[in-house]
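Trainee: Mind having a look at this structure? Questions to follow.
What follows draws every value from the coordinates through simple rules; no lab data is involved. All figures in this text were calculated on a predicted structure; none of them were measured in a lab. Neighbour counts run over all protein chains shown; Cβ positions are idealised from the backbone, glycine included.
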Amino acid sequence: MSLLRKALYYTLIVGLCCSGPALLLLWKYKIEPNWGTVEVVQAFKKVERGEVLTADRVQVAKVPRDLLVDGALVRLADAVGRETVRPIRAGEQLTPDMVNTRHLQPGQGEWNMPLPPEWIFGKLPGSLLRGDRVSLLLVTKETADKMELRDDPSRERLAEWNIPYEEETKLSEITVSYAKAANNQEIAASDERKKPSGAVASVELIVTDEQKELIRKYGSKGYRFLMVYR
């Protein structure tokens with residue numbers, strides 16, 4: 001075997017020996033992490049409801065395709081700067097319904113209406129948060145001073161108080177656009193409402209034209225509104 005052929009032979013042997021580990025490293029660190037994975041926006045810190053997402057809270061991460069959540073966001077721009085509508089766990093994939101707050105903005109024929117404190121009967125629910133849907137139950141001026149609390153009234157009870165049942169039922173499923181403490185700061189909560197950041201002192205509601213007029217009608221007549229929600 002000539003010297004040139006020997007050099008080529010041993011070069012080939014060395015190349016084959018080195019290619020094995022090189023291919024393994026290439027597979028492990030380059031091919032395998034991208035094989036069958038997709039990029040999604042993921043929280044890498046716990047985020048509470050009502051927080052505005054910042055770049056230190058979310059990241060684009062690779063997840064196995066079979067673990068992909070339907071509708072998961074894939075761009076940071078679709079998450080950063082938006083308000084969360086529910087708590088998000090660390091490692092959880094973000095979807096539009098977690099950060100979609102369009103329902104907290106008045107739409108066509110809707111208004112953002114503060115509910116005067118003197119029109120509110122009793123205390124506002126301590127766990128009330130922005131985005132909750134509430135119902136307003138009417139209490140007459142004559143009975144407001146005597147009552148501490150009441151359940152959802154029957155048709156007969158409403159008739160006794162001269163409250164049309166059809167009108168009170170229209171004051172339901174109203175979205176709370178703001179729930180604020182006495183210092184005018186937004187109420188936040190952690191641990192699924194168990195620890196609110198303050199007592200609710202005032203609320204603003206998104207109402208339709210009809211709901212706005214009903215609230216004005218009964219509020220100006222001395223009625224009070226008991227706010228309840230599920």
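Trainee: From the cross-link list Lys45/Lys123; Lys45/Lys170; Lys180/Lys221; Lys45/Lys212, which pairs have alpha carbons spaced over 29 Å apart?
Mentor: Violating the 29 Å Cα-Cα cut-off are Lys45/Lys123; Lys45/Lys170; Lys45/Lys212.
Trainee: Considering the zone a paramagnetic label at Val63 would reach in this model (a point 7 Å from Cα along the Cα-to-Cβ line), which residues of the range 84-115 have amide N under 12 Å from it?
Mentor: Inside the label zone: 89-96.
Trainee: Please work out the FRET efficiency for the pair Ser220 and Val52, using the Cβ-Cβ distance as r and a Förster radius of 30 Å; give the result to the nearest 0.05.
Mentor: Efficiency, rounded to the nearest 0.05: 0.20.
Trainee: In addition: Which length gain, in nm to one decimal place, applies between Lys123 and Glu166 when the Cα-Cα distance is subtracted from 0.36 nm times their residue separation?
Mentor: 13.0 nm
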